[in-house]
Amino acid sequence: MSSHIVIHPVTTKAQLKSFVEVAYRLNADDPHWIPPLKSEVYALLNPKKNPFFEHAKVQLYIAEQNGIIVGRISAHIDELALAQPVEQGFGPGTGHWGLMEAANDATATALINAAEQWLKQQGMHRVIAPISLSVWDEPGLLTFGHDHSPTVMMGHHNREYQGWIEEEAYKSVKELSTYDLPIVDGFPPLIDRIVKSGERNSKLKLRKVDKSQFDREAKIIMDILNDAWSQNWGFVPLTPNEIDHVGVKLKPIVYEDLIMIAELEGKPVAFMITLPDLNDRTKGMKGSLLPFNWAKLLWWLKFPKSPTMRVPLMGVVKELQNSRVASQMAFMMVEYIRREAVANYGATRGELGWILDDNKGMVAIAEAINAKVNRVYTLYEKTI
């Protein structure tokens with residue numbers, strides 16, 4: 001029987017199912033891989049449900065060997081990423097691939113080659129990967145921290161993928177890190193002094209979000225985010241439809257005491273989002289809410305308890321970055337949410353990130369509260 005690997009573009013519902021299902025089979029023996037809910041995976045790949053497709057072109061591929069699906073990959077071009085300045089990472093001629101799963105190195109090579117060929121046919125001359133699908137979803141390949149499971153909305157990859165990708169002449173272009181920290185006993189005395197100095201600033205006010213005004217609060221946060229991150233490496237602005245989509249996606253795990261907005265003289269200027277670790281609850285569900293997992297999840301969402309909290313996003317408007325008040329706001333939000341997380345959710349640890357390796361401000365905040373890097377995701381670059 002031939003062992004030749006055949007790459008198929010995904011064009012049918014059956015092939016799409018194979019694209020989704022192969023990840024669960026290939027990762028079944030990894031105790032630290034968290035099976036995503038299949039409904040969310042299908043929604044990610046559905047142009048009618050994911051507004052990323054409004055400004056992106058996507059081609060999915062599956063690999064077949066001896067009649068068995070042995071891998072998958074996505075190739076995609078984000079028009080908004082093409083419009084960004086080259087010095088910020090992306091820019092004209094830069095395409096991406098992601099969502100790669102492969103049974104062996106030969107499969108990985110065949111899949112990457114197929115993605116590169118498609119990108120070249122679309123006029124691309126450079127690849128930054130893996131990105132699955134948007135930079136706001138799961139960017140980077142896990143290259144450090146394979147010995148423990150990821151928190152909510154973070155990826156986990158076979159440790160062999162690094163070698164297979166680097167064998168295809170991909171070079172590291174950027175590292176994204178997450179930081180782990182204990183939160184029960186609070187932070188060093190310096191942080192307490194900074195928090196107290198901020199509390200004495202009469203122009204500064206921190207407030208919890210109001211979930212009854214969810215759309216308003218989401219727009220405030222996303223407007224700050226688009227401004228605060230606009231000069232970061234790899235930044236791609238979120239569109240209004242994407243902001244609405246993110247809001248709908250996050251609303252079930254939004255808790256008012258875990259998300260804060262800072263106002264200076266009545267104007268929103270900073271925010272911090274914290275999420276209880278949903279992965280801790282879904283890990284044993286094998287990607288399905290049937291037959292009774294939906295009830296378990298709904299109960300947890302109503303009365304969430306989680307030992308781990310993740311801070312996926314925080315930001316301060318550009319005009320205040322590197323200022324004293326920015327430092328005050330950041331540490332006040334971290335401390336206030338820490339107290340709520342411990343008291344109301346039973347949390348014992350937090351995770352910050354991801355954080356760009358050249359984001360000196362966020363790295364300094366993480367180090368000041370004694371956080372340690374626990375996972376690193378690498379983005380690779382290649383000229384094609």
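The values are calculated or read from the model by the stated rules, or taken from the named source; none is laboratory data. Treat the numbers as computed from the prediction; the structure is a model and nothing was measured. Don't worry about glycine lacking a Cβ; one is built from the backbone with ideal geometry, like all the others, and counts go over all protein chains shown.
Meeting the requirement of 1 or more residues that are without any contact (Cβ under 8 Å) to a residue 40 or more places away in the chain, the strands (runs of 3 or more DSSP E) wholly within segment 1-110 are 68-78, 94-102. Residue count for segment 120-148 under the criterion of being part of a loop (DSSP other than H, G, I, E, B) and among the hydrophobic types (A, V, I, L, M, F, W, C): the result is 4. Of the residues making up segment 133-172, those that are buried (at least 16 other Cβ atoms within 10 Å of the Cβ) and of a type in the set (A, V, I, L, M) are LEU133, VAL135, LEU141, LEU142, VAL152, MET153, MET154, ILE165.
Considering LEU190, LEU204, the condition of being in contact with a strand residue (DSSP E or B) (Cβ under 8 Å, 6 or more places away or on another chain), over 29 Å from THR94 (Cα atoms) and in contact (Cβ under 8 Å) with a residue 12 or more places away in the chain is satisfied by LEU204 alone. Among the candidates THR151, THR178, the residue that is assigned to a strand (DSSP E or B) and under 25 Å from VAL41 (Cβ atoms) is uniquely THR178. Note on segment 194-218: among residues that are charged (D, E, K, R) and buried (at least 16 other Cβ atoms within 10 Å of the Cβ), the one that is modelled with the lowest pLDDT is GLU217.
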